[in-house]
Structure formats: structure tokens, C-alpha cells
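Readers should treat all values here as calculations from the given coordinates under stated rules, not as data from a laboratory. Given the structure is predicted, the values throughout are model-derived calculations rather than measurements. Backbone-built Cβ (ideal geometry, glycine too); neighbour counts: all protein chains shown.
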Amino acid sequence: MGVKAQGVSQDRYTVIPRVLIFPFSSDSKVLLLKGSEHKRIWAGLWNGIGGHVEAGESVLQAAKRELQEETGLRAEKLLFCGSVIVETQTLPGIVLFVFKAEGLSGKQHDSPEGILQWFTLDEIHQVPLVEDVPTLVGKVSWFQAGSQPFWGLYRYDTEDQLVMSFEG
């Protein structure tokens, strides 16, 4: 089957693929990144680790690369926890592939993307977060190998407020 048989068309909804990783320690702490002040989006806010899927790499390869680049760490296990379609009211939209990283090794370091800090699940509510992080961390913290992934849809209401819905 050739490229034309894929049915790609400019009049269909398109998305930019991104990965979002939440590394967890053996004592159930989560590693978050505080976006550096020069970042275009989420500057000064705490978020998971992640970024864009680059041309020529799989979603899993992107998750491994982003984890290594932004933290210096590798994961023994990268568990796919779910995906979220973000309707941006423009083309293209965004699709997030959300992972839980366990069994970490390597030498942790900050990066130009921001500084890193480990948090208990209670502590994350005491810092400025990207608004969906509490929900996603909650879902990911309970995720185990073999669990069914979640499927999310984000949209923005008439007041430009985020509305999140999930299945699974």
C-alpha cells in the first residue's frame, strides 16, 4: 500500500504528537520539571517531562529521548498509560501520549528546559502546576503493567477554560 492509499487529506483534523512522562521513584515520589522562564509555553510551571515526537521516531523512542535529554535518566520500564486529544480550536490539534517511568537509572541533571524536583503526591498541590498535571499524575500513579489505558479529550469552553473528559 502506497502513501496515497493512507487517505491523508488537508481537510481532515490533524494533530501534533507529543509525549509526557511522569517518572516515579520506588518510594512513590514523582519527578516534575519547572519550566525555565525562557520557555514559550508553561514557563515557571511544574509539569511532567516531555516534548514533541520528531520525524523518524516512534512515540516510545520519543519518550525515551525526552526523558534522557531533560533529566539524564533512563527507565527500566516505560508504561503507556493513556492518550489525550487536545482540541485547540485551530488546526492542528495535539495528541499527548502519557507514560509512567519506573526503575530509573543514570545521573539526574537539570536541563535548559528547566529544573527538576521530586515530590510526594501531596506536595505537588503546593506548587504552581500546569493545570492538568494533578489529574494526570493521579491517573498515572495508580497505573500498573497490564492495566487498561485511559483515553482523554481536552477542549476549551466559551470562556477559554480547559474542560477535561476521560474514558477508561
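Okay, here's what the table says:
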quantity: The chain: Lys pairs at Cα distance under 26 angstrom, eight or more positions apart or on different chains; calculated: 22
quantity: Sparsely packed GluC sites (Glu not before Pro) within segment 67-158, loop by DSSP, other Cβ within 10 Å at most 15; calculated: Glu87, Glu131
quantity: Relative contact order of the chain, pairs being alpha-carbon contacts under 8 Å that are 6 or more residues apart, as %; calculated: 27
quantity: Per DSSP, loop trypsin sites (Lys or Arg not before Pro) in segment 40-76 with at most 12 further Cβ within 10 Å; calculated: Arg40
quantity: Mean residue ellipticity (222 nm) of the chain, computed from DSSP H runs ≥ 4 via -39,500 (n - 2.57), nearest 500; calculated: -4000 deg cm²/dmol
quantity: Per-residue ³J(HN,Hα) for segment 79-86, Karplus 6.51 cos²θ - 1.76 cosθ + 1.60, θ = phi - 60°, Hz, x for Gly and Pro; calculated: 9, 6, 9, x, 9, 9, 8, 10
quantity: Between 0 and 90°, nearest 10: helix 59-71 axis offset from the chain longest Cα axis; calculated: 40
quantity: 11 Å beta-carbon shell around Gly44, net charge (K/R +1, D/E -1); calculated: +1
quantity: Neighbour-limited loop hits for chymotrypsin sites (Phe, Trp or Tyr not before Pro), segment 1-105 (at most 16 other Cβ within 10 Å; DSSP other than H, G, I, E, B); calculated: Tyr13
